[in-house]
Structures are given as structure tokens and as C-alpha cells.
Amino acid sequence: MVAYHHLLVHFPIALWTTAALMILWRALSDGALAQAAGRLLTPLLALSIVTGFIAYVVGLSVFPFETLTSSPLGRNHLTAATWALAYWIVVLVTSWRLGEAVWIGVRRWIMLGLGALGGILLTVTGALGGHLSGSPSAVSQIFRLLGWEVYTTFYVPNFMLVLLIVSALALIGLGVAGRDRR
Amino acid sequence: MKQFQLNASIAIFVLVLLLSWVFHGTGVVENDVQRNIYIPETLTIPLQVKAAYNGDMMFFRYRWPAKEPHIYHDMLKFQDGKWERYGKSVAGPQPQGIYEDRVAMLVDDGSVPEFEKYGGYITVGDRMRFFTNEATKEEVEAHPYLGKKKEQEEVGKHLPETRANIADWASVVPEAQLDAQRKAGYFLDLWHWRAHRSSPIGKSDDQVIAEARYGDAGKGPFFDNWDKDAKRPKLMFDPDKLGKVGKVALAWDDIAQRKLGFDDLYYLREDQAKPYDPNYAWKNGDTLPRRVLRPGEGSRADISVQGKARWQDGYWEVSLVRKMDTGHPLDDKAFVDNRVYTVAFSVHRDAFGSRWHYVSLPQRLGLNRQADFQAVRFTGAEPAWDQDWRSVTLFYPGQVSWPILNSARHAGAENIKKGIPVRQRHSEIQLAHYGVEMEFYDAIRRQWQYTLLAGVLLITGFGVAVNLLLVRKEN
């Protein structure tokens, strides 16, 4: 299945890279072409999620689960891929629900932030995939400079787990508390 | 109000991401000597090596950094009427710093084909000594061959095909097969220099790895100075032979404060010793080495130190010499001109013993042949050592065993079956990190799973917040 995973990951990589660039462009420009790109964002993201999900599932079958989750690189790749997929789903839902309004006022900068973080997660996922396939790139040097050795598993200590869960619940609470009531 | 909640949501999300980045990788990897876990501060160190030969003798020179030399080893201190031992192998560094530095080299001539590809990893079997799940002394002693016949007390380095099942240390193949393997050259020659045992008398240990790690045939360059029954040393210094009247023992303070250097007496030679005198007026702090040095005999005494092994300006430099062909084909790999050999190195330093060493990946050594590095042919008695060093990166290997590498827990197990060498897939620093992670396998795997799920939850929470807070009624 490894060959099919390599084949299939081209689609989400290309589509998410394009989406990130389109978000950047649309956030910085109200030109006609940028607006057209902005309107294309939702279908593009929908397609990227579908292809990303397929590549993700196929990727899970490259190695037995025990094997994949016994390797620090395998764990990290799985983490990055899972988070990238989840994150781009958030971007898709946001773009879908808000439509053109997502580019109004401060929202465009929020979208820009979402796109940038999505691009980073995609880069991490792809770089780790390269390592796993035996073609490491120099991208991991950047991670090292920033404090993460890619040959070690990315995990957080217990107090951070608690903080992550509490933060997630707090975020949901803030959203519910601040939403417009009809 | 809504703007505040939106800003707060973004701030929380970004802050938690940053904190996750700052604190990642903490909270799990901690030393636990009860479980034989101690992670060295430095995971890789450099080693430089040269080789030379003159048709009769084979020379190697090694150089590696060390903050200070550790030349004391295994001492007996007299305290309140009893002899207390300091300097036995422990998990992590020896607390008093009494553990000798070492350099070792495995050699093969192609008779152990996996060695050329995977180096010393092939010698690390199931439930090895000082692994967290090490086989107990009682288990090993009860083994009909390793324990009862070969008097082994622990599972040491061994070759894979000496076991019917590589994942079971006890599954030793029949003795006749072991003998046949040895005659066919299925063993690794081990050059083993130790700063205390027996560098002071210019000798190195000569060992062999087959179904266990053994000394070569003959007498080793040291023996134990301990009478188990009487619970006291067998030998003490003989002042008459030393020319220093009254010195029957070392002073503990000199050892503890590292006052004794290379040119001082910090070791006990057999020819400078006499039987222990229990009636001597021993006083607290009197110290005797628990190992006695002697030249050794036979195959085990084949390797000598060339010149003097010394630490200077932060580096050890050690040169060893041996006959190219010792005439001991069951213990040693003979060096022949125009052949290629595989060697792998290890270094112990900083008072670490047993498995707490730094190891190299396999290196090809050529004698007038292309290889990773070449032995230089010279004429005369001693080499000029004027060639460039071969630089090798040594790494802390952790608790990675050959059974694990060939199991479902290793993504590269299929590559091993295909014979793809380790160097094609892994760097030394990568292997060092993997080695450390393997020591905390269950804990890290569990923490990683929680982290992955918590991250998804955070992204979901952020998505919910952003969507609820960005959507307005008019939309």
C-alpha cells in the first residue's frame, strides 16, 4: 500500500497548498481575481478533505498499526496527519458557513492565520512522510532549530494534557456563550 | 462582548499551542535505576581511528574525548572491620566515579554476514544484562548449557544463530552446532581495552562473541582479588616488591579525590602482591584493588598496548597491537593483506559501565582494499601514524535488541529481511533517540496517544468557537 499512499498524498498536498495560497491572496486582496479565488475556496477544501481522508486511511494500512505506532517518526507522522486533517476540516467548515463574509473585516486575518497554521501542519506531515519513506529533507533542521527533534515522539506531559482538554472545553464554552441567539 | 470572546478564543488557542511546543517531550523520560534506566546527558560522541600493519603485526589507534580519565576500578575499602566494595557495574555512572574507561572493537572477516550490515545490534539478544527485563542470575545459572556448563551468570552479547529463536535467550542450539559454527568462523573477535584492567601493564583483553561473550582461551590479564568464603581480599601489596616500605594498601582519600595519576600506583600487579594478612593492623580507609593484573597467557593475551595509553587535554589516545594471524582461529580473526574486514567500536567513559556505552555502526576496514577506511602498510616495527584519522560517530544505543528489530515493533524489519544495511536508513543521532525512546516504550506510546487525542479536541474546540463567534445573524 505504500506506493498508493505516495500516489494519493499528492492530492491533499497540492490542494491544501493551493488553498493556503488562495487564503493568503484573498486576505491581502479584494481584486476580482482574488475574489474569484475566494469563492473557489470551499469546493477546493471539500475536495482536499476527501482526498486527504482517503490518503490518511490508505496510509494507516502501509504498516500494521503496532509497527506504525512503535516508531517515533511513525507516531509523529500520524499525529501531524491527524491534526492537519482535523484542522483543514475546521477551515472548510468555517469557509462553508461564512461564505464571502469570511473575508470581511477582522475575519480575513483570522482566515489568514488559519491558512498559515494549516500550511505549517501540512509541511510537518509531508516532511515526516519523507523521513519515513527514506527521503529525509532539510525541513526537519528547521524543526530542530525551533526545539523539536523529529526523531523523538511529540507528546506533552500530563499537566499539558489537562490544559489542552480544559482549553478545548473553554473554547467551546466561549463559542456557545458568545454566539448570536436567534 | 463577542469580540472579547473571539479574541479570548484565539489567545487561548495560540497560547496552548505555544505551551505544547515548549513542554513537549517532557514528563516521561526520567532516570530510574531500579529499572536499569539511566540516560546519558550526551547521546553521541566522536571517535577517531587509524589502522596500520606491517605484514606481521596489526595496529589500531583510537582517540576520543573525555572530560577526565577514569582509571580506577572495583576497589575494596576497609571500614569498621569489613571490606566494602566500590566500583562494581551499576545502572548509570558509578557514584564514586570508580569505573574504568574502555574502548572495544568487534572484528569480522565476513563469516558473520549480518554484522557488516547491522554491526553490534546483532549481538544484543533477548533479556540482556542490565536491560529493564534482564534475565535473573538464577535463571541464567539454571540454564543447562550457559549456566551449568559455561558458568554464565547473565545474558551477554551473543550471535543470532546461536539461538533457535532469537527472541528467547535460553534457546541455545545444540552444542555440536555451536562447535561447528565456531569452526566455520561464526564468531566476532573482540578487542577490549580497559583503563584499569590491564592497561597499566600494557595489556588489553582479547575476547570472543559467539553464544556468549567469552575470554579467549588461556589466562586473562586480570583476576578477582576476593575470597568469597573469608569475605576479604586474597592479595595485598607487597612493600618489598614495590620498593616503598610500609605500603600494603592504597588510601581511600587518594582514590576518592582522584589524587593518583597514570604514573602513580593505583593498581595491583600479581608480581607486586603477596597473600593477604588478616593480622595486619588494617585501618579505616585502607584500600585494595579488587582486580589483580597479570600478563595473561595464550590466546587471551594476544593484544598489547603499543606505547602508553594516556588521557591528555581532554582526549584519550590508545594504541593496540596484535599479530595479524595469532594462530588461534577459533578465537581471533586473522588479518590478511588485500582483504576487507568489518569493525565496530564502542567507548565507555564518565564512569559508566556495562550497556552504558557509545557504539558505532559497522565500518569496513581495507587492507590494501577500498573500504570506509584503510589500514596503512608500513615497514619496520612501529607505524608512523601519519595518515588521517577516520572519524566515526558513536551513539548511545539504549535498549534496542535484535529481536525487537526483527519484530512487528520495527518498521524496518522487512528491510532487515531484505538485507538493507542500517546505514542506508538511519543516522547515528536517529538511532540514539530511538534507543532512548525504546527504554520508555509503553509510557511514551501512551502519552503520545493522549496527546494526539487532546490535540484533536483542541482543534475541534477552536473550530466550534471560531464558527459560533464569527457567524452573525445577518449571515
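Of everything in the stretch B:270-294, what is in a strand (DSSP E or B) and out of contact with any Pro (no Cβ under 8 Å at 6 or more places or on another chain)? Give them in sequence order.
Step one: list which residues in the stretch B:270-294 are in a strand (DSSP E or B), which gives B:273-275, B:286-289, B:291-293.
Of everything in the stretch B:270-294, those that are in a strand (DSSP E or B) and out of contact with any Pro (no Cβ under 8 Å at 6 or more places or on another chain) turn out to be B:Ala273, B:Lys274, B:Pro275, B:Asp286, B:Thr287, B:Pro289, B:Arg291, B:Val292.
Check off (1) crowded, with 19+ Cβ neighbours inside 10 Å; (2) of a type outside the set (A, V, I, L, M); (3) under 21 Å from the mean Cα position of the chain (by Cα) for A:Arg144 and give me the number that stays unchecked.
For A:Arg144, the failing item is (1).
If you check B:Gly435 against the conditions, is it assigned by TED's automatic domain parsing to the domain that holds B:Glu134 and not in a helix (DSSP H, G or I)?
Details: assigned by TED's automatic domain parsing to the domain that holds B:Glu134: yes; not in a helix (DSSP H, G or I): no.
No; evaluated as a whole, the condition is false for this residue.
Inside the stretch A:90-130, can you point out the residues that are within 11 Å of another protein chain (Cβ to nearest Cβ), open to solvent by less than 20 Å² (accessible area, probe 1.4 Å) and farther than 23 Å from A:Ala168 by Cα?
Passing the criteria: only A:Ala101.
From A:Thr153, A:Thr125, grab the single residue that is of a type in the set (Val, Ile, Thr) and outside any helix (DSSP H, G or I). Please lay out each step first, then the result.
On the way: A:Thr125 fails: outside any helix (DSSP H, G or I).
Every option except A:Thr153 fails the conditions.
Which residue out of B:Arg355, B:Arg377 is more than 30 Å from B:Pro40 (Cβ to Cβ) and either acidic (Asp, Glu) or assigned by TED's automatic domain parsing to the domain that holds B:Phe187 (or both)?
On the way: B:Arg355 fails: more than 30 Å from B:Pro40 (Cβ to Cβ).
The unique qualifying residue is B:Arg377.
Is the stretch B:167-178 home to any residue that is part of a strand (DSSP E or B) and either farther than 22 Å from B:Val107 by Cβ or open to solvent by 10 Å² or more (accessible area, probe 1.4 Å) (or both)? Please lay out each step first, then the result.
If we filter the stretch B:167-178 for residues that are part of a strand (DSSP E or B), which is where we start, we get B:172.
Filter once more, so that each one left must be either farther than 22 Å from B:Val107 by Cβ or open to solvent by 10 Å² or more (accessible area, probe 1.4 Å) (or both): B:172.
Looking through the stretch B:167-178, at least one residue is part of a strand (DSSP E or B) and either farther than 22 Å from B:Val107 by Cβ or open to solvent by 10 Å² or more (accessible area, probe 1.4 Å) (or both).
Give the residues of the stretch B:178-213 that are in contact with a Pro (Cβ under 9 Å, 6 or more places away or on another chain) and polar (S, T, N, Q), sorted by residue number.
Result: B:Ser198, B:Ser204.
Specify the residue that is farthest from the other protein chains (Cβ to nearest Cβ); the eligible residues are those in the stretch A:36-61 that are touching a residue at least 60 places away in the same chain (Cβ under 8 Å) and open to solvent by 40 Å² or more (accessible area, probe 1.4 Å).
Checking each candidate, the answer is A:Arg39.
Which of the residues that make up the stretch B:371-423 are in a helix (DSSP H, G or I), charged (D, E, K, R) and free of Cβ contacts under 8 Å to residues at least 24 places away in the same chain? Don't jump to the end; show me each part of the working.
Residues of the stretch B:371-423 in a helix (DSSP H, G or I): B:402-405, B:413-418, B:422-423.
Those still in the list that are charged (D, E, K, R) too: B:414, B:417-418, B:423.
Hits for the stretch B:371-423 are B:Glu414, B:Lys417, B:Lys418.
When you look at B:Asp337, is it touching a residue at least 24 places away in the same chain (Cβ under 8 Å), surrounded by fewer than 22 Cβ atoms within 10 Å (Cβ to Cβ), assigned to a loop (DSSP other than H, G, I, E, B) and acidic (Asp, Glu), yes or no?
Details: touching a residue at least 24 places away in the same chain (Cβ under 8 Å): yes; surrounded by fewer than 22 Cβ atoms within 10 Å (Cβ to Cβ): yes; assigned to a loop (DSSP other than H, G, I, E, B): yes; acidic (Asp, Glu): yes.
Yes, satisfied.
Cβ-Cβ below 7 Å, separation at least six or inter-chain, first residue in the stretch B:457-468 and more than 7 Å from every other protein chain (Cβ to nearest Cβ), second assigned to a helix (DSSP H, G or I) and not charged (D, E, K, R): which pairs?
none
Considering each residue of the stretch B:155-166, count those that are open to solvent by 60 Å² or more (accessible area, probe 1.4 Å) and either out of contact with any Ser or Thr (no Cβ under 9 Å at 6 or more places or on another chain) or under 16 Å from B:Ala184 (Cα atoms) (or both), and give that number.
1
Would you check which residues across the stretch B:426-456 are more than 17 Å from the chain's Cα centre (by Cα) and β-branched (Val, Ile, Thr) and list them?
Result: B:Ile444, B:Thr451, B:Val456.
Among B:Asp189, B:Asp126, which is the only one that is surrounded by 17 or more Cβ atoms within 10 Å (Cβ to Cβ) and assigned to a loop (DSSP other than H, G, I, E, B)?
Working: B:Asp189 fails: assigned to a loop (DSSP other than H, G, I, E, B).
None of the other options fit; the residue is B:Asp126.
Could you grab me the full set of residues in the stretch B:430-450 that are within 7 Å of chain A (Cβ to nearest Cβ) and either surrounded by fewer than 20 Cβ atoms within 10 Å (Cβ to Cβ) or free of Cβ contacts under 8 Å to residues at least 24 places away in the same chain (or both)?
Quick first cut of the stretch B:430-450, residues within 7 Å of chain A (Cβ to nearest Cβ) only: B:430, B:433-434, B:437, B:444-445, B:447-448, B:450.
Hits for the stretch B:430-450 are B:Gln430, B:Arg445, B:Trp448, B:Tyr450.
Kindly indicate which of A:Val166, A:Val139 is open to solvent by 20 Å² or more (accessible area, probe 1.4 Å), modelled with pLDDT of 95 or more and more than 7 Å from chain B (Cβ to nearest Cβ).
On the way: A:Val139 fails: modelled with pLDDT of 95 or more.
Going through A:Val166, A:Val139 in turn, just one is open to solvent by 20 Å² or more (accessible area, probe 1.4 Å), modelled with pLDDT of 95 or more and more than 7 Å from chain B (Cβ to nearest Cβ): A:Val166.
Does at least one position in the stretch A:13-33 carry a residue that is open to solvent by 20 Å² or more (accessible area, probe 1.4 Å) and closer than 30 Å to B:Ser407 by Cα?
Looking for residues that are open to solvent by 20 Å² or more (accessible area, probe 1.4 Å) and closer than 30 Å to B:Ser407 by Cα, one finds none in the stretch A:13-33, hence no.
Looking at the stretch B:375-388, can you tell me whether even one residue there is closer than 29 Å to B:Arg163 by Cα and in contact with a Pro (Cβ under 9 Å, 6 or more places away or on another chain)?
Here is the first cut: in the stretch B:375-388, the residues closer than 29 Å to B:Arg163 by Cα are none.
Checked the stretch B:375-388: no residue is closer than 29 Å to B:Arg163 by Cα and in contact with a Pro (Cβ under 9 Å, 6 or more places away or on another chain).
Test B:Ala217 against the criterion of being at negative phi, in contact with a helix residue (DSSP H, G or I) (Cβ under 6 Å, 6 or more places away or on another chain), assigned by TED's automatic domain parsing to the domain that holds B:Asp189 and not basic (Lys, Arg), and give yes or no.
Details: at negative phi: yes; in contact with a helix residue (DSSP H, G or I) (Cβ under 6 Å, 6 or more places away or on another chain): yes; assigned by TED's automatic domain parsing to the domain that holds B:Asp189: yes; not basic (Lys, Arg): yes.
Taking the combined requirement at face value, the residue satisfies it.
Restricting attention to the stretch B:456-470, does a residue exist that is under 22 Å from B:Thr342 (Cβ atoms), part of a helix (DSSP H, G or I) and either at pLDDT below 95 or among the polar types (S, T, N, Q) (or both)? Even if it seems obvious, please write down each step before you answer.
From the stretch B:456-470, those under 22 Å from B:Thr342 (Cβ atoms) are none; that's our starting set.
So far as the stretch B:456-470 goes, no, none of its residues is under 22 Å from B:Thr342 (Cβ atoms), part of a helix (DSSP H, G or I) and either at pLDDT below 95 or among the polar types (S, T, N, Q) (or both).
The values are calculated or read from the model by the stated rules, or taken from the named source; none is laboratory data. Quantities reported herein were computed from a predicted structural model and do not represent experimental measurements. In this analysis, Cβ positions are derived from the backbone assuming ideal geometry, glycine residues included, and neighbour counts consider all displayed protein chains. Accessible surface areas use protein heavy atoms only, side chains included; no ligands, DNA or RNA. Shrake-Rupley method; radii C 1.70, N 1.55, O 1.52, S 1.80 Å.
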